[in-house]
1. Hey, if we sort Leu401, Leu302 by accessible area with the 1.4 Å probe, largest down, what's the order?
2. Counting DSSP beta bridges in the chain, what percent are antiparallel, to the nearest 5?
3. Sort the stretch 210-274 into rounded, prolate or oblate with this rule: let a ≥ b ≥ c be the square roots of the eigenvalues of the Cα gyration tensor; rounded if a/c is under 1.5, and if a/c is not under 1.5, prolate when a/b is larger than b/c, oblate otherwise.
4. Between the alpha-carbon centers of the stretch 404-442 and the stretch 121-146, tell me the distance in whole angstrom.
5. Glu528's amide H: which non-local residues (gap 5+, or another chain) put their own amide H closer than 5 Å, with H modeled 1.01 Å from N in plane and none for Pro or chain starts?
6. Mind checking which lysines have their C-alpha under 25 Å from Lys279, skipping anything on the same chain fewer than 8 residues away?
7. Pick out, from Ser207, Ser54, Leu177, the residue whose Cα sits farthest towards the positive end of the charge dipole of the chain, with +1 on the Cβ of Lys and Arg and -1 on the Cβ of Asp and Glu.
8. For a Förster distance of 45 Å, can you work out the FRET efficiency between the beta-carbons of Trp333 and Phe602, rounded to the nearest 0.05?
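The values are calculated or read from the model by the stated rules, or taken from the named source; none is laboratory data. The structure presented is a predicted model; accordingly, all values stated were derived computationally and were not measured. Glycine gets a Cβ as well: all are built from the backbone with ideal geometry, and neighbour counts include every protein chain shown. With ligands, DNA and RNA removed, areas are computed over all heavy atoms of the protein, side chains included. Shrake-Rupley method; radii C 1.70, N 1.55, O 1.52, S 1.80 Å.
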Amino acid sequence: MTLTEPVAAPADPPATSRRRPDLVVAALALGLAVLVTAGLWADPNHRTIKVNSSDQALFEWLLAFGAHALTHAENPLFTHLMNVPDGVNLAVNTSITVYAVIFAPLTLLAGPQWSFVVILTLNLAATAFAWYLLMSRVFRLPVLAAAVGGLFCGFAPGMVSHANAHLNWTAGWLVPLVVWRVFALREPGRWRRNGLVLGVLVAVAFSIAAEGLFFTALACGVFLGVWALARRTEARAALPVFLRGLAVTAGTALVLLSYPLWLHFFGPQRFHGTGFDPKVHNEDLAAFAAFPERSLAGIAGLGTGLAPNPTEENSFFGLPLFALTVACFALLWRRAGLLRPARPETGAARMETGVTRAEAGPARAETGTARAEAGGGRRAVLRALAVTAGVFFVLSLGPELKVGERLTGIPLPYAALGGLPVFNAALPARLALVVIPLIGLVLGYALAALGPRPGRVWLGAFALALVPLVPVPLHTSEYEPVPRFITSGTWREYVSDGGVLAPVPPTSDVLPDGQRWQTYALAHGQGEFRIPAGFFLGPGGPDGTGRIGPVPRPSADLLFEVARTGVVPPITDADRAAAREDLRYWGAEAVVLADRVHGAKFPAHPEALLRATTELLGPPRRVDDVWLWRA
């Protein structure tokens, strides 16, 4: 009995018999991933995630910058291209450096938009397939059970929700790989190799999804701790080898991540804590039983608005799935208990079979002991799964219980953790994502326990719980085009290489055009221009925490409000002086306003921006398809 077998494991099938089901599951996973991202595939160069175009613009910039840094031997973890003159520490942002390097050829050949949609699609498909492989190979579940569990893990509501432009959180394929290698650390005689492999994997995961890696480490710790308490003898025997492998893991990861970690905790433009309110980004208790927006249930009108935004539907499992999971767990718990040895007979029955029992006693006792051992071991695994799910369920609710979008004033355990290092940089609602694979495992194990013919009641229960959660395509829309002034390279006549171009309005998370222009120039080898502000996490929040973008300058604040409202306030001489001072602070050589301005959360107002900027800086020049002011 191992810590990965809550049901009896079948004999391993021949490798040739696995190939066809593996291909079928891979095709299903890829097909569902293409379905979810279909709106982007219609025109990758001009389509964007409608509800989160700002994050898409950021990730496309990261891909373009990473390719540029690779080909120009620049630092991929710190840049002065944004937020002049201070720059941006990408080590404390989601830099996805590994993706940027691997997909650099595609980025430079076809553009970061293509790299973005390819990575997003492969993330979803690979997550489902990786969980399938873990369940079928390591946990030794039958193909159907592993396929159902894996596909659920890859396309659960939380994963589809984060497919709204989050290349980090959709990289869920990292989790089963980490889990597999953590369990492998207990293999005697291979602790050096296993520790080395896990250390490299940790470094890769840190680059792509550091917050997800933190959650995975916590989940593994809780699971193994609960299991070890129930299986002390096994745990004590495995502990020396496990700790030696873990030490190699830590050493390998520390060597590979020494510079990123130094930047993260001690480098310039660092911060501690994101500054996001954990009482806003905590999971609503009602959300666990609600249906997600981008699902069959959602388009049937059963979706809710319980998430803070459409990218954060981290639970949303639906009540039928919760009922099914409880029923599956009860089934597994009962069957594990049935493995205990039978009670001894009494009276005449014992006398009648006395001779036979005397002859078969040793074998019978051995069988009974083995059955008891197997039953206890499987219940230990089930108990660890349940406790881990419960811990992350409670922690995801944040510091104060919220029900139906209303804070109740009831304090919760996260209140004691939220101020701790690392925890203060995480959003508690996302801890609910850890529950996804735990549900997937219970569903897979239950199907394996039910055998090849589960029965109509069970099949109906699985259909009722899972069919409403089948994903549908994400909402997409069309980007405002990058102006010809940028695409033709005309900007180089007005801005020196490495000089500062100041977009109007200044670039931010909700007004990302300046960053998109820079993305185009970097990906197409036009050279470098720097921009004020930008979409990034940096210092400047309350009590030393971070904030989105820099502390705004006066003219940036003014132009942001004009873009948001379309109202031009009275412009005073003080406003004009502040604008000129801001341009000097940034070192701007040209100020540029396009005919169309992309607003990620609201319609921008280019006509009002033209009037306001003209009153601030004087009459502009018309160059190609933009308005331009020389600074």
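1. Values: Leu401 30, Leu302 95 Å².
Result of the area sort, largest leading: Leu302, Leu401.
2. Details: 20 of 26 bridges.
If I count the DSSP bridges inside the chain, around 75 percent turn out antiparallel.
3. Details: a/c = 4.49, a/b = 1.96, b/c = 2.28.
Oblate, because a/c is 1.5 or more while a/b does not exceed b/c.
4. Using only Cα atoms to place each centre, the spacing works out to 26 Å.
5. For Glu528, whose amide H was placed from the backbone, the distant partners under 5 Å are Gly498.
6. Lys402, Lys601
7. The listed residue farthest towards the positive side: Leu177.
8. On the way: r = 51 Å, r/R0 = 1.14.
That pair, Trp333 with Phe602, gives E of 0.30.
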